[in-house]
Amino acid sequence: MSNHDLIDSEDIPCNLTQNTHFQEIVEQAQKRRGFIKKGLGLSAAMFLAGPLAACSGGTDTGSGKKEQDGKDKEDDKGKDKEPTAALLGFEGIKFSTADSVVVPAGYTASVMAPWGTPLVSGAPAWRGDGSESAADQAKQVGENHDGIHFFPLDGEKGGGSNNEEGLLVMNHEYCTTTKLADKSPAYQFLFGADASNTNPWSEEKAHKAMNAHGVSVMHIKRNAQGKWDIVKDSKFNRRITAQTEMELTGPVAGDVLVRTNADPSGRQVFGTINNCGNGWTPWGTYLTCEENFNNYFGTKADDDQRTAEQKRYGLSAKGTSYRWEEVIDRFDYVKEPNESNRFGWIVEIDPFNPDSMPKKRTALGRIKHENAAYRLAEDGRIVVYSGDDQANDYIYKFVSDGKFVQGGDNSKLLDSGKLYVAKFNNDKASEGFLGKGEWLLLDRDANPLLAADPRFVNQASVLVYTRLAADVVGATKMDRPEWVAVHPTNGDVYVTLTNNSSRTEGDEGPNPRPQNRYGQIVSWRETGGDATATTFEWDLFVLAGNPNVYGKDDPRSGSSNITKENTFNSPDGLGFDKFGRLWIQSDGAYSNTGDYEGQGNNQMLCADPNTKEIRRFLVGPKSCEVTGIAFTPDSKTMFINIQHPGEAGDSQWPDMNGGIPRSATVVITKNDGGVIGS
Ligand code: FEO
Ligand code: CA
Ligand code: CA
């Protein structure tokens, strides 16, 4: 979701606890280690010579490595000592403010499946004037593309290594809204360029908005010209919307907290909303993450009647900008107080079975899930990491009870397990790490703090009120956790902390970066490399900043792997390719002035986790964010999404015909047929 000059709901903290903020831990650790700017495990040679000099050699006998060896023994003893081949084979590009997608020389980017593309049989073509009905929108690709994954097709099932055909599954996070002159909310694009045509408001219009949300499953295939097409009338093509029937599973299913007038069973839910980032499983299912579900629940009542729990989750006190609560009772929290408890989950979808019912997996907790990144433990248990995107909220980890069996029935694996929340400490850690951390178990019976709290009568209440349980056990407040990504071979975990505009001078404690405008990426390694471990060691991978504006001794210039050439703000999307390249996407300010001078439009960068070098790979069109990362198995086709181009009223992308701008997928290939980024 957008981050531009408006304040998003995620920017406003709902966490009123006295729990320690991560920035205090960082400050303490940095004081002990004696650096702020040079740190991050980078050698002095790298800092002085610039990142390109240190890693372009490519091999352990190259000049770059040799130079590093002579300069900083401490860092060489750390986790980055492994010699590696150069991962970044492209020339980083300049910032751009153009209304187009820019990629490095030797690459091609092409648009596919923009919002409104006919998907399901009988869908009308995109009209461009917002005149489609709710029923039409339910058959077309939804609005505001976000998380995305490519599942290769092996005949009629998943698996294999098909680089030519597969199921591309993607999220549609939200509908872009705006404010009219009288400050009333309106949809910016959904009903045409004239937003005032949301008046009069109606149930049909609310249903159209609901159908623009959710997930698209697209059967795609590469044609003889090398372009990807949606396979027309494929049985796999599917839209899942904010009205699709789904099932609550796991410990919360049937609990009193999720029963409603329409569903006394507490198991049958309609719809998924604010599907932000994503994940997938080794058994071929897609995970869609419900993020800012709170923004859809308000009331027509005159006064704020929210409970403490509803406030902690940030429900709207009165009306919402989506206006569903005006015409559909379940979105009015006064009329249906438990409906919002049925959102905020990770939802598992089997894309290979078009008739399958999506499952809301409650064992993974109810937060504003950004994405879900899995790792298989050595014993076969599945571990899923997820961040809660709100200023001063937390990072979580789920460890399944059961074990993954290749080709077996894994359909219950996400229904039982242990849920943990992260606590970062500043105790002395191994070389190459800034501090240690621990995973605090959110188990009502095992944790005396939770057992003693009358709000938690059973484990279901811990999971419905995950944030409150994490408050009680003393989790560490973070700067808006966005995507989590797991390194494909060493299992190190990385998370983007996008920014935190809510912290101001005076209330940040010893924070070295009050008003964290730029964000950072934190990494950690589980103790012993064991994904199920309950302790870890952590480090900072990059502090984003702007050396065009701030001198090198000012922390706002960022860490030493930030240069005038690669500067960016607000890291958000994050993912590894199978070779270990770390892809970083931004969703931040795009003014290109003031603090953001020389950063241009939102973008995608590529980092080498070993050298920590970062190069800019792609820049998006005006006032978009770049989000979602997927590859074909050979890593020679990359799919990313451009979300909300033109939300500031300044883009015509991708049609460039003066009409409504629209989110779309961008397919990236290397002209020589090589691996993306190589
Ligand atoms: Fe939907 Fe936190 O981005
Ligand atoms: Ca995001
Ligand atoms: Ca964001």
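Worth a mention:
- Placing a label point 7 Å from the Cα of Asn163 along the Cα-to-Cβ direction, the residues of region 607-646 whose backbone N falls under 19 Å of that point are 630-640.
- The chain - mean residue ellipticity at 222 nm from DSSP helices (-39,500 (n - 2.57) per run, n ≥ 4, rounded to 500): -2500 deg cm²/dmol
- Legend: distances between Cα atoms for Lys412/Lys612; Lys139/Lys360; Lys232/Lys359; Lys423/Lys636; pairs beyond 32 Å are Lys412/Lys612; Lys423/Lys636.
- Total charge dipole magnitude, region 610-671, about the Cα centre, Cβ charges on Lys, Arg, Asp, Glu only, Debye to nearest 20: 260 debye
- Table column - 3J(HN,Hα) (Hz), region 299-310, Karplus curve with 6.51, -1.76, 1.60, x for Gly and Pro: 8, 8, 4, 6, 10, 6, 10, 5, 6, 4, 5, 5
- The packing ranking of peptides 283-291, 95-103, 366-374, highest mean first, is 366-374, 283-291, 95-103, where packing means the average number of other beta carbon atoms within 10 angstrom of each residue.
- The charge dipole of the chain, taken about the Cα centre with unit charges on the Cβ atoms of Lys, Arg (+1) and Asp, Glu (-1), comes to about 680 debye, rounded to the nearest 20.
- Taking the chain and dividing mean pair separation by its residue count, relative contact order in percent (alpha carbons under 8 Å, at least six apart): 17 percent
- Proximal aspartates and glutamates to Lys227, defined as alpha-carbon separation beneath 19 angstrom and excluding residues fewer than eight positions away on the same chain: Glu164, Glu165, Asp634, Asp655, Asp672
- Taking 20 °C and 1.002 mPa s as conditions, region 250-303 diffuses translationally at an estimated 156 µm²/s according to Stokes-Einstein applied to its Kirkwood radius (Cα pairs).
- Positive-end residue of Asn223, Val120, Val258, charge dipole of the chain with Cβ unit charges: Asn223
- Long-range HN-HN contacts of Trp345 with modeled amide H, under 5 Å: Glu290
- Rounded to the nearest 0.05, the FRET efficiency derived from the C-beta distance between Asp182 and Ser202 at R0 = 30 Å is 0.95.
- Derived scalar couplings between HN and Hα for region 112-126 equal 9, 6, x, 2, x, 4, x, 10, 8, 3, x, 6, x, 5, 4 Hz in order, rounded to whole Hz, by the Karplus curve 6.51 cos²θ - 1.76 cosθ + 1.60 (θ = phi - 60°), x for Gly and Pro.
- Sorting the segments 576-586, 121-131, 543-553 by their residues' average number of neighbouring beta-carbon atoms within 10 angstrom, most packed first, yields 576-586, 543-553, 121-131.
- Rule-of-thumb Rg ratio for the chain [Cα; 2.2 N^0.38 Å; N residues]: 0.90
- Positive-end ranking of Thr178, Leu153, Asn163 along the dipole of region 136-245, with charges on Cβ about the Cα centre, is headed by Asn163.
- Normalised Debye scattering of region 555-633 at q = 0.13, 0.17, 0.18 Å⁻¹ gives log10 I(q)/I(0) of -0.38, -0.64, -0.71, counting only Cα atoms as equal scatterers and leaving out solvent.
- His487-Leu441 FRET efficiency (beta carbon distance; Förster radius 30 Å; 0.05 resolution): 0.75
- Under the Karplus curve 6.51 cos²θ - 1.76 cosθ + 1.60, θ = phi - 60°, whole-Hz ³J(HN,Hα) for region 665-676, x wherever Gly or Pro sits: 7, 10, 9, 10, 10, 9, 4, 8, x, x, 6, 5
- Peptides ranked, highest mean first, by Cβ atoms within 10 Å: ranges 338-351, 150-163: 338-351, 150-163
- Taking only the C-alpha atoms of region 296-386, Rg followed by Dmax gives 16.7, 55 Å.
- Oblate is the label for region 463-620. Its Cα gyration tensor axes, ordered a ≥ b ≥ c, give a/c of at least 1.5 and b/c at or above a/b.
- FRET efficiency for Ala224 and Lys552, using Cβ-Cβ distance with R0 set to 60 Å, rounded to 0.05: 0.70
Every read-out reported here was derived from the displayed coordinates using simple, explicitly stated rules and does not represent laboratory data. Just so it is clear, the structure is predicted and the values come from calculations on it, not from any experiment. Backbone-built Cβ (ideal geometry, glycine too); neighbour counts: all protein chains shown.
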